[in-house]
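One structure is given below, encoded as structure tokens.
The values are calculated or read from the model by the stated rules, or taken from the named source; none is laboratory data. Note that the structure is a prediction, hence the values are computed from the model and not measured. A quick note on method: Cβ atoms are made from the backbone with ideal geometry, for glycine too, and the neighbour counts reach across all protein chains shown. Heads up: the accessible areas ignore ligands, DNA and RNA and are worked out on the full protein's heavy atoms, side chains in. Shrake-Rupley method; radii C 1.70, N 1.55, O 1.52, S 1.80 Å.
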Amino acid sequence: IAKEVAKLLEMKAQLGGDEGKHKFVLKTPKGTRDYSPKQMAIRERVFNAIITCFKRHGAEVIDTPVFELKETLTGKYGEDSKLIYDLKDQGGELLSLRYDLTVPFARYLAMNKITNIKRYHIAKVYRRDNPAMTRGRYREFYQCDFDIAGQFDPMIPDAECLKIVHEILSDLQLGDFLIKVNDRRILDGMFAVCGVPDSKFRTICSSVDKLDKMPWEEVRSEMVGEKGLSPEAADHIGEYVQLHGGLDLIERLLQDPKLSQNKLAKEGLGDMKLLFEYLTLFGITGKISFDLSLARGLDYYTGVIFEAVLLQQENDHVEEPVSVGSVAGGGRYDGLVGMFDPKGRKVPCVGVSIGIERIFSILEQRVEASEEKIRTTETQVLVASAQKKLLEERLKLISELWDAGIKAEVLYKKNPKLLNQLQYCEDTGIPLVAIVGEQELKDGVVKLRVVATREEVNVRRESLVEEIRMRTSQ
């Protein structure tokens, strides 16, 4: 035994003793963050607003695994595929963390042979990005998706998706916003008439997508210099991608001698006109702009694409408000489900994703600035006592309240001072205190105190639940 012990001690010495302990780094992994109770309270408000809207539009909810087979995700994201997180092989399946909620949704539809569903899904997704966390970009973040799958008459579901974005952004009161709309077919038709070779469509598309962040000159030089497009073709594209407007622009482009000759562009413009007619009926065209520079980088879009941006008036002298970043995006992807179906059966889909992280960071900054007090619990009443030796009575009363569905707390002390109990309510925002004392017990009442006004009333024990409900519902 002594020999074995000596051997083990030697091994332990080689591994290094406890002196390394203080070097342990306490941090969350790069591109992730913890959420404090206060932050979670704001987040829950946002989630509730979004879920309420999704349910108002008749959506069901699904969930899928956080990792998928690697082959499910590859080839669906174009240039972004390099951002997919691959997991270490654990028993014969090559797996990756989901990159968004759309591809798993398509896999789910194909696997279960579903041809018709309206669903929402709110969950975390993972991207091996180099995160700029200040701008609300993370490696682990939530997506809130709403999608309509099925064969329907054109543009009705698409219009509803835009209405949903409009409702949510209005409801969250984030300030002025604009929803830019375009169509992949109009883009592809435009590339064709401008002389972009087929093989370069997607890569030129991802250059155009940078126009919201870079001036046209830089985008042009990327197209010509890095991607080998002819300067004439680039200048041609420049004439189109700087256009934006509404129905009038659609009409004008339908008359455009070059674009109207292209079958794809013509289809896209026809549908865009229909879309704007429906959006007029929904009364939301004031916040919608048909914008030919909108490209959205993902490969799977086939028709209408849209993106919502928040606007900021920089100062009074500027007519054009400045965009402070995208807070929602989506579009039509009619081919994605077919990629998974063994027989290639297509299920048309259109959907929208709400950029919860960016919305959240905006609201968080706003709360910081306004010093608004955020409650992190929903406790309605603290059960307190005015004298000593009343712990049993407090526990009896709080149990009655809990059983009646009242949100109640009690301090975990045998004989707390009344002042400390009241102070706890002040600190946590609890609106009511139910005080038991010897006299109250004799009279069969409870003293109910309103923390804000310090007003006190005696309430019969049997009416207490009703009284608390009434006072907290106001």
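Within the range 267-313, which residues are of a type in the set (D, E, K, R) and either open to solvent by less than 60 Å² (accessible area, probe 1.4 Å) or touching a residue at least 60 places away in the same chain (Cβ under 8 Å) (or both)? Matches in the range 267-313: 267, 271, 287, 291, 296, 299, 307. Across the range 76-104, the number of residues qualifying as in a loop (DSSP other than H, G, I, E, B) and either among the hydrophobic types (A, V, I, L, M, F, W, C) or without any contact (Cβ under 8 Å) to a residue 24 or more places away in the chain (or both) comes to 9.
Would you say residue 367 is crowded, with 17+ Cβ neighbours inside 10 Å and either out of contact with any helix residue (DSSP H, G or I) (no Cβ under 6 Å at 6 or more places or on another chain) or not aromatic (Phe, Trp, Tyr) (or both)? The answer is no for residue 367. Residue 145 meets the conditions (1) part of a strand (DSSP E or B); (2) modelled with pLDDT under 95 in every case but one. The failed one is (2). Among the residues of the range 391-439, those that are closer than 21 Å to residue 374 by Cβ and of a type in the set (Asp, Glu) comprise 409, 426, 427. Residues in the range 33-44 that are in contact (Cβ under 8 Å) with a residue 12 or more places away in the chain and either part of a strand (DSSP E or B) or not small (Gly, Ala, Ser) (or both): 33, 37, 38, 39, 40, 42, 43. Does the range 148-164 include one or more residues that are open to solvent by 50 Å² or more (accessible area, probe 1.4 Å), in a loop (DSSP other than H, G, I, E, B) and touching a strand residue (DSSP E or B) at 6+ places or on another chain (Cβ under 7 Å)? Checked against the condition, which is being open to solvent by 50 Å² or more (accessible area, probe 1.4 Å), in a loop (DSSP other than H, G, I, E, B) and touching a strand residue (DSSP E or B) at 6+ places or on another chain (Cβ under 7 Å), the range 148-164 yields no hits at all.
Within the range 45-75, the set of residues being in a loop (DSSP other than H, G, I, E, B) and either over 26 Å from residue 339 (Cβ atoms) or touching a Ser or Thr at 6+ places or on another chain (Cβ under 6 Å) (or both) comprises 57, 58.
Each row is one residue, and each column tells you yes or no for (1) open to solvent by less than 10 Å² (accessible area, probe 1.4 Å); (2) in contact with an Asp or Glu (Cβ under 6 Å, 6 or more places away or on another chain); (3) farther than 24 Å from residue 328 by Cβ.
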residue: 168; (1), (2), (3): yes, no, no
residue: 192; (1), (2), (3): no, no, yes
residue: 217; (1), (2), (3): no, no, yes
residue: 231; (1), (2), (3): no, no, yes
residue: 242; (1), (2), (3): no, no, no
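Scan the range 201-213 for residues that are open to solvent by less than 60 Å² (accessible area, probe 1.4 Å) and touching a helix residue (DSSP H, G or I) at 6+ places or on another chain (Cβ under 8 Å) and the total you get is 8. Screening 100, 80 for residues that are among the charged types (D, E, K, R), within 25 Å of residue 156 (Cβ to Cβ) and surrounded by 15 or more Cβ atoms within 10 Å (Cβ to Cβ) leaves exactly one candidate, 100.
Among what's in the range 31-53 and is aliphatic (A, V, I, L, M) and closer than 12 Å to residue 374 by Cα, pick the residue that is least open to solvent (accessible area, probe 1.4 Å). This residue is 42.
What residue, of 87, 94, is open to solvent by 90 Å² or more (accessible area, probe 1.4 Å) and more than 19 Å from residue 145 (Cβ to Cβ)?
Answer to the selection: 94.
With the condition kept exactly as written, say whether any residue in the range 452-463 is touching a residue at least 24 places away in the same chain (Cβ under 8 Å) and under 40 Å from the mean Cα position of the chain (by Cα). Looking for residues that are touching a residue at least 24 places away in the same chain (Cβ under 8 Å) and under 40 Å from the mean Cα position of the chain (by Cα), one finds none in the range 452-463, hence no. If you take the residues of the range 170-189 that are open to solvent by less than 10 Å² (accessible area, probe 1.4 Å) and in a helix (DSSP H, G or I), which of them is nearest to residue 123 (Cα to Cα)? The qualifying residue nearest to residue 123 (Cα to Cα) is 184. Looking across the range 254-266, the residues that are open to solvent by 80 Å² or more (accessible area, probe 1.4 Å) and closer than 26 Å to residue 152 by Cβ come down to 263, 266. The range 331-442 holds strands (runs of 3 or more DSSP E) entirely within its bounds, and those carrying 2 or more residues that are within 30 Å of residue 148 (Cα to Cα) map to 349-354.
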